[in-house]
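A short write-up of the structure that comes next.
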Amino acid sequence: MASQKSSHQRASERIREKGSRPPAAAAGSPLSPPGGLLTGGWAQRAMFQAAWIPLLLAVGLGFFYVGLFGVNVPWCDEWEGSLPVLQHQAEGTLTFSELWTQHSEHRIFFPQLIMLGLGLLSHGNLVLNMYVSVLLLAVALALFVYVFVKACPARAALWLAVPIALLMTSWRQSDNLLWGFQVTFVLVVVASLGAFFFLHLIGPDRWRAPLAAAAGAATVAVFSSAQGLLVWPVGLLQLLLLPLSRRLKFGLLFFWAAFGAAELLLYFHGYIKPDYHPDYTFSWSFFLAAVGCAVVQDEYPAKLLGGLFLLLAALAVGLVVVRRQWGRYSFWLAACLFSLLTAAMLTVGRGGFGIVWGMPTRYATMASPLVVGVYALLVLQAQERVSPRLWGLAGFLVGIIALCVFQSDMAECSPGVQMPEQGRQSYEMRNYEAFVMSTLDDQPEESMRVFVNASPEGVRRGVAFLKKQHYGLFAPGGDSERYAPLNPALPTLSETTKYNLDGFKALDKGAGYAVSGWAIDALHQAPAGGVFLVLDGREYPVYYGVPRPDVAKGLQNEGLLHCGFQRLLPAKDLTPGRHQVGFKILTDDRQALWTVPSFSVDIK
């Protein structure tokens, strides 16, 4: 009996060794250490270690993107999601149910804890949440790079990992970078990858700690977003792929299945399907777009690339299956499957809304692991097989990633200046929201349209709370100070400046009026530092910075592109009849102003 047991152990060890040990690079392969002057010297090591520069640069660009376009205002789900939790905490009425309550179809317990902690730490500065999202993406990148480099014997493994960084921290996922609440979606992806990573570390003599860590990461994923529920079935398959003894594998599978079933029951206890969700359906067009949205947002390219990624995934997984290497590559297989199931879940749950719901930038983070996994499998298989064809496919995939990541979101904002379109639009929209929040008491009901997916009552309640606590844009030095009453001590310039009032346009159903125009700092040939409308002796701050290409062209100065202003006025402040209108226009440094003499305007 002892000899039989010993032979069984030896067989298991041979299987494990074969499935987990990476083969040495073949001589003459594209990644074998180069000869010549650099061989074995410090210069060669420095050349390969220099790959850390683009890896760190990719993460740095994520922080740069947030610094460039991040605006400290609540957006969309934050009004009804994270902001009430912060309010309950400030009022001393925070309970467990506030953290546990269902948000849409999600349980976001762990993201709520994170957002609450960050809110208290930063006095409600949501830009900090955005930086944390970038940090979490860096953690996901670190997991990918670590597993990739450990499996790739080539000296250039770090350089081969650079395309992974290109995708995981790309600006394509604009929503998740510039929307503080989206730490939920980033967290569920990072926690899921963490669970697959720890499961990948399990071996015959090392399984307790990795299993506990994997279960903990899976729990975080489940109670961060509904997509986290997929971690348990994917993890179950990953355990089946590991080269372990039958007895140990059965025990691990039983634990994982039991733990997952318990969390599934807990998740759906008291669950209510949101009444605004469409009926469950499945559409291949939607599914392909949800896969292709990792790199593009336009419908037809997304569907085309989605189909291409699926074909490459089938090829990469097929190569692993043929060589029976699923144990060695269990992490990559799990990441690919999780990403595909996430796209399928989105298709079933959101397909009824239309295909546009399959391509929001916030879903790019969930689609990216599939593309990363396919790339990693192709490179690792090409390295092992010394296959020029596989190297060609991997290079082709990198070309698609690079082209789409660098071009799909760029738009010309002025001659010779390219800027990320999603980031620029988000920045302008959130800044206008900051203006409306700062002047909410003097805004008509029509202005509430800027607050997407938020009720007027919820917005007014949230703004009142932020003002009371001096949180967010109402904190000292916050954006609301731009719209505070002007300091009477500001010097008035005797020179004249250039401006124009386009006029007053009546809103629908007598809700009020929209006023628009443009103004510049003629002294410095620059945009003004702000504009105040003076209506019948009362000052009204207006939103300044609206693009006016007609003015920039007419004045032959592209630096004056964002010189327009606009605002809405309630009907009670602008009744039909004759009114006196004037302006106060600030210099670009806001240290002086021009006073435009009032003139008469007839409102019909």
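Taking helices (runs of 4 or more DSSP H) that fall entirely within region 113-189, which contain at least 2 residues that are surrounded by fewer than 22 Cβ atoms within 10 Å (Cβ to Cβ) and either free of Cβ contacts under 8 Å to residues at least 60 places away in the same chain or of a type in the set (Lys, Arg) (or both)? Can you show your working first?
Details: elements: 126-151, 157-160, 162-168, 174-178.
Counting at least 2 such residues, we get 126-151.
If residue 553 passes every condition in (1) closer than 15 Å to residue 515 by Cα; (2) free of Cβ contacts under 8 Å to residues at least 40 places away in the same chain but one, which one does it miss?
(1)
How many residues does region 496-537 hold that are under 19 Å from residue 439 (Cα atoms) and part of a loop (DSSP other than H, G, I, E, B)?
Number of matching residues: 5.
Taking only region 538-548 into account, find how many residues are part of a strand (DSSP E or B), crowded, with 21+ Cβ neighbours inside 10 Å and without any contact (Cβ under 8 Å) to a residue 40 or more places away in the chain.
Of the residues in that region, 1 qualify.
Every residue in region 549-577 that is part of a loop (DSSP other than H, G, I, E, B) and either touching a Cys at 6+ places or on another chain (Cβ under 8 Å) or of a type in the set (S, T, N, Q) (or both), please.
As a first pass, look at region 549-577 and keep what is part of a loop (DSSP other than H, G, I, E, B): 555-557, 561-563, 574-576.
Of everything in region 549-577, those that are part of a loop (DSSP other than H, G, I, E, B) and either touching a Cys at 6+ places or on another chain (Cβ under 8 Å) or of a type in the set (S, T, N, Q) (or both) turn out to be 556, 557, 561, 575.
Give me the pairs, please: first residue somewhere in region 353-366 and within 12 Å of residue 306 (Cβ to Cβ), second residue anywhere and in a helix (DSSP H, G or I) and aromatic (Phe, Trp, Tyr), beta-carbon distance under 6 Å, and either six or more positions apart or on two chains.
Final answer for the pair search is 355/286; 358/286.
Return the only residue of 604, 498, 505, 509 being exposed (fewer than 15 other Cβ atoms within 10 Å of the Cβ) and at pLDDT 90 or above. Let's see the steps before the verdict.
Details: 604 fails: at pLDDT 90 or above; 498 fails: exposed (fewer than 15 other Cβ atoms within 10 Å of the Cβ); 509 fails: at pLDDT 90 or above.
After ruling out the rest, the residue left standing is 505.
Restricting to region 481-494, name every residue that is over 22 Å from residue 564 (Cβ atoms) and either within 41 Å of the chain's Cα centre (by Cα) or in a loop (DSSP other than H, G, I, E, B) (or both). Show your work before the answer.
Keep residues of region 481-494 that are over 22 Å from residue 564 (Cβ atoms), which gives 485, 487-492, 494.
The answer is 485, 487, 488, 489, 490, 491, 494.
If a residue has to be in a helix (DSSP H, G or I) and surrounded by fewer than 18 Cβ atoms within 10 Å (Cβ to Cβ) to count, how many in region 451-463 make the cut?
Narrowing region 451-463 to residues in a helix (DSSP H, G or I): 456-463.
Then keep just the ones that are surrounded by fewer than 18 Cβ atoms within 10 Å (Cβ to Cβ); that gives 456-458, 460-461.
So the answer is 5.
Please pick out the residue among 268, 286 that is under 30 Å from the mean Cα position of the chain (by Cα) and touching a residue at least 60 places away in the same chain (Cβ under 8 Å). Talk me through it step by step, then tell me what you get.
Values: 268 fails: touching a residue at least 60 places away in the same chain (Cβ under 8 Å).
So the residue among 268, 286 that is under 30 Å from the mean Cα position of the chain (by Cα) and touching a residue at least 60 places away in the same chain (Cβ under 8 Å) is 286.
Per-residue answers, yes or no, for (1) loosely packed, with under 14 Cβ neighbours inside 10 Å; (2) of a type outside the set (Val, Ile, Thr); (3) modelled with pLDDT of 90 or more:
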{"position": "392", "(1), (2), (3)": "yes, yes, yes"}
{"position": "403", "(1), (2), (3)": "yes, yes, no"}
{"position": "413", "(1), (2), (3)": "no, yes, no"}
{"position": "419", "(1), (2), (3)": "no, yes, no"}
{"position": "424", "(1), (2), (3)": "no, yes, no"}
{"position": "429", "(1), (2), (3)": "no, yes, yes"}
{"position": "468", "(1), (2), (3)": "yes, yes, yes"}
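Could you check, for region 138-160, whether at least one of its residues is in contact with a Cys (Cβ under 8 Å, 6 or more places away or on another chain) and in the same structural domain as residue 384 (by TED's automatic domain parsing)?
Within region 138-160, the first condition is being in contact with a Cys (Cβ under 8 Å, 6 or more places away or on another chain), and the residues that meet it are 160.
Still in the running and in the same structural domain as residue 384 (by TED's automatic domain parsing): 160.
Taking every residue of region 138-160 in turn, at least one turns out to be in contact with a Cys (Cβ under 8 Å, 6 or more places away or on another chain) and in the same structural domain as residue 384 (by TED's automatic domain parsing).
The values are calculated or read from the model by the stated rules, or taken from the named source; none is laboratory data. Quick caveat: nothing in here was measured; it's all calculated off a predicted structure. Cβ coordinates were reconstructed from backbone atoms using ideal geometry, including for glycine residues, and neighbour counts include every protein chain displayed.
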